[in-house]
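Note sheet for the following structure.
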Amino acid sequence: METATTRQVTAKSTPTRSSASSPLGFANNESIRLAPTDPRRPASPLAPPPLAEPAAYVTIPLAASLTGYSAKAIRRKIESGVWVEGREIRRAPDGHVLVSMKGYRQWVERGRA
């Protein structure tokens, strides 16, 4: 749930510039309504990707966002045998295909497809 918060200062008045006003032009006794925020969402849709590796093994969609390859390109590398199970990918006990970030880095550093 998003809720806006209100910071109440002593009494209400119209915004005026005076010696007792804030840098934004509000008098010290004015109510200021703050925009709703949700700490679970990034501040901007253009926020930079996370700098830390989230886990040793990640799902294909997360690997796509971390590596820059599309999910379809990753699946093609798996199907064509470029990425091998046990080296670049693993299967979880529930059957999900997980990408090894260490295996991915080694594949990039080897320099061959």
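The values are calculated or read from the model by the stated rules, or taken from the named source; none is laboratory data. Remember, predicted model here, so these are calculated numbers, not experimental data. Methodologically, a virtual Cβ is constructed for each residue, glycine included, from the backbone with ideal geometry; neighbour enumeration extends over all protein chains shown.
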Considering residues that are among the hydrophobic types (A, V, I, L, M, F, W, C) and surrounded by 13 or more Cβ atoms within 10 Å (Cβ to Cβ), the number found within the range 83-113 is 7
Of (1) closer than 20 Å to residue 109 by Cα; (2) in a helix (DSSP H, G or I); (3) modelled with pLDDT of 95 or more, residue 69 fails just (2)
On the basis of being of a type outside the set (Ser, Thr, Tyr), surrounded by 11 or more Cβ atoms within 10 Å (Cβ to Cβ) and either touching a residue at least 60 places away in the same chain (Cβ under 8 Å) or assigned to a loop (DSSP other than H, G, I, E, B) (or both), does residue 76 make the cut?
no
Among 21, 13, 44, 31, which is modelled with pLDDT under 85 and in contact with a Ser or Thr (Cβ under 7 Å, 6 or more places away or on another chain)?
31
